[in-house]
Amino acid sequence: MELLVEDANVITMAAEAVPARCLLIRDGRIAAVGPAGPVRAAAGPDARVVRLDGATVLPGLIDAHCHVSDVGYLAAGADCRQPSAPDIPAIQARLRQAAGRTPPGAWVTGSGYVEYQLREGRHPTRSELDVAVPDRPAVLYHTSLHACVLNSAALAEAGFADGQPDPPGGAFGRDAAGRLDGVLFEGPMFALFERNFRADLARMSAAQRAGLMQGAGQHFAALGVTAACDADVRRDTLTAFAEADEHGALPMRIYGLVVHDQVDWLLESGLRGRHSDRLTADAVKIWADGGMSSRTAAIHGRYPVPPFGSGILSFSRDELTGMVGDFAARGFQVCIHAQGDRAIETVLDAYAVVLGDGGNPRRHRIEHAGAMYPALTARAARLGIAVASQPGFLSTLGDGFAAAFPESSDQLYAFASWRRAGLPVAGSSDAPVITASPLTGIRDAVLRRTAAGQVLGPGERVTAQDALDMYTRAAAFAMHREDEIGSLEPGKLADFVVLDASPLDVDPERIADIQVLATVVGGTPVYQPSGVFHG
Ligand SMILES: [Zn+2]
């Protein structure tokens, strides 16, 4: 089976870029790419020809850090994002609606709010959730998934009571009288999310679970994403991915970062390593600190905004060094969430001990690296650490970063400095924290403009070409797949997207508005709203 794609503006992202108009696909891989003459000559007489009338073809976009299964899971609950849910009454109305379609026994679930974007400028409280859902447990997840709010029934079912001290690695929000106000930060929030997700998955049939993963994959495919690292894979989600994969229902390639406490299970399950060319699990995920938008990232100094404090560090330097050493010895790539400078320093200390002078052949990573300031960047570069970060945070959450880091906001997410220092910087979304759209991320890497119009760190803007590199070649490198994906070259898998304009040519303001006309994985269209490849 051959497919000849003609009359396209093909941006190959190959190291030796040649102007290309044509792409020949054979058996799911790229057989030839280049000018029309030689590519047509390479095609057999039966090749199916599709003319794209000058549309742009890019390598399939890669999201190096997101939460594919969480996107699928939360899509079933109430959408409580701003600006569409501008205030707490709007959130209450959406939770009330969600209650009507939530099966008995399950918690009513909403997600996506950012407290400083709400008209009230604060987290909703348990009593406000009680008004919406008085008679059964309800949870409202903060968009960071580092905080949430519970109603009274949920607090009771979770076993949280007034007067209880803060749990290790987390905190409870409290009202003026010291009673729990329903807000949970970090540790208890993660445990709760995992418990609820697991319980809801267990309630589903295998077909429903595979359908959840397929739906999530279709969401990404519609945005031009052909491969992603799911940065939070556990027993039940990896099993569900495997079920979907076995039924040919995964429309994208998944590289699972398996949560550190599930590694023993992974080794017993037989799911470690390459499951198929759509599913791989060979990396371990650890969280070193909290989130930037929840102001729980572990920093030196104190936040000038609520909940104040210096953030939350999940592990000591020695604990982290022990974990990294153990997983590295078992051959895993280690990917550590670290946002605040204090957390990044601790992670680099651990990596330095484990790596010594031996380089970083397993490509251990720092996830996010928000406050990786120049001295830390230089250390990371010396160790050869890869970074997976999120330019799209800047337009959605950047005003909150500016408030939380009034002295250093220009140095946050320093993509240009990191690339200059020689770090592989992979682009990603952290969806569902923000939109999974890589074109939004590419625009934000170029513009760095917040919702209020402030440019955060003008010196850290990168060119559209470099931004595109982050979501293709660099992301493929960060997941050990650069021999197969990330550029359009003969022999590589035929993963590509068709766009109505080139992000390298349009006004940067317009990059996020470019339309995805088709997404193709392994030579098979997985998204094509106007039927580009039909007929
Ligand atoms: Zn994440």
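The values are calculated or read from the model by the stated rules, or taken from the named source; none is laboratory data. Since the structure is predicted, the reported quantities are computational estimates derived from the model, not experimental observations. Cβ placement follows ideal geometry from the backbone for every residue including glycine, while neighbour counts extend to all protein chains displayed. Surface accessibility is based on the protein's heavy atoms, side chains included, excluding ligands, DNA and RNA. Shrake-Rupley method; radii C 1.70, N 1.55, O 1.52, S 1.80 Å.
Points worth noting:
- The range 488-522 - residue that is in contact with a Leu (Cβ under 9 Å, 6 or more places away or on another chain), assigned to a loop (DSSP other than H, G, I, E, B) and farther than 18 Å from E2 by Cα and, of those, most open to solvent (accessible area, probe 1.4 Å): Q515
- Tally of residues being in contact with a Ser or Thr (Cβ under 9 Å, 6 or more places away or on another chain) and either part of a loop (DSSP other than H, G, I, E, B) or within 16 Å of the ligand (Cβ to nearest atom) (or both) across the range 431-460: 15
To keep it simple, each residue is scored yes or no on (1) basic (K, R); (2) open to solvent by less than 10 Å² (accessible area, probe 1.4 Å); (3) out of contact with any Lys or Arg (no Cβ under 8 Å at 6 or more places or on another chain).
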site: A199; (1), (2), (3): no, no, yes
site: A206; (1), (2), (3): no, no, yes
site: L223; (1), (2), (3): no, no, yes
site: A227; (1), (2), (3): no, yes, no
site: V233; (1), (2), (3): no, yes, no
site: E246; (1), (2), (3): no, no, yes
site: L257; (1), (2), (3): no, yes, no
site: Q262; (1), (2), (3): no, no, no
site: L266; (1), (2), (3): no, yes, no
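- Where a residue in the range 60-83 is in contact (Cβ under 8 Å) with a residue 24 or more places away in the chain and among the small types (G, A, S) and its partner, wherever it lies, is within 16 Å of the ligand (Cβ to nearest atom) and in a loop (DSSP other than H, G, I, E, B), with Cβ under 6 Å and at least six apart: A64/S428
- Here P124 qualifies as touching a strand residue (DSSP E or B) at 6+ places or on another chain (Cβ under 7 Å), away from the ligand (no atom under 16 Å from the Cβ) and either farther than 16 Å from A199 by Cβ or touching a residue at least 60 places away in the same chain (Cβ under 8 Å) (or both).
- Pick from the range 127-159, criterion of a type in the set (A, V, I, L, M, F, W, C) and within 16 Å of the ligand (Cβ to nearest atom), ranking: most open to solvent (accessible area, probe 1.4 Å): L145
- Identity of the residue in the range 51-67, more than 16 Å from the ligand (Cβ to nearest atom) and of a type in the set (G, A, S), that ends up most open to solvent (accessible area, probe 1.4 Å): G54
- Scanning the range 417-439 for residues being of a type in the set (S, T, Y) and open to solvent by less than 10 Å² (accessible area, probe 1.4 Å) gives a total of 2.
- The residues listed here are D7, D46; of these, the one that is surrounded by fewer than 17 Cβ atoms within 10 Å (Cβ to Cβ) and farther than 25 Å from A501 by Cβ is D46.
Residues checked against (1) in contact with a helix residue (DSSP H, G or I) (Cβ under 8 Å, 6 or more places away or on another chain); (2) part of a helix (DSSP H, G or I); (3) not polar (S, T, N, Q):
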position	(1), (2), (3)
S294	no, no, no
Y303	yes, no, yes
G309	no, no, yes
F315	yes, no, yes
F327	yes, yes, yes
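- Among the residues of the range 333-368, those that are farther than 18 Å from E319 by Cβ and over 17 Å from the mean Cα position of the chain (by Cα) comprise Q333, D341, G356, D357, G358, G359, N360, P361, R362, R363.
- Within the range 68-122, being closer than 19 Å to S152 by Cβ, surrounded by fewer than 23 Cβ atoms within 10 Å (Cβ to Cβ) and either under 23 Å from the mean Cα position of the chain (by Cα) or among the hydroxyl-bearing types (S, T, Y) (or both) holds for one residue alone: T102.
- Scan of the range 362-393 for residues that are more than 16 Å from the ligand (Cβ to nearest atom) and either in a helix (DSSP H, G or I) or among the charged types (D, E, K, R) (or both), ordered by number: R362, R363, P374, A375, L376, T377, A378, R379, A380, A381, R382, L383
- The set of residues in the range 170-215 being outside any helix (DSSP H, G or I) and closer than 22 Å to V259 by Cβ consists of G170, A171, L184, F185, E186, M204.
- Residues of the range 253-305 classified as under 20 Å from the mean Cα position of the chain (by Cα) and basic (K, R), total: 4
- Residues in the range 40-95 that are in contact with a Cys (Cβ under 6 Å, 6 or more places away or on another chain) and not in a helix (DSSP H, G or I) were compared, and the one that is nearest to C148 (Cα to Cα) is H65.
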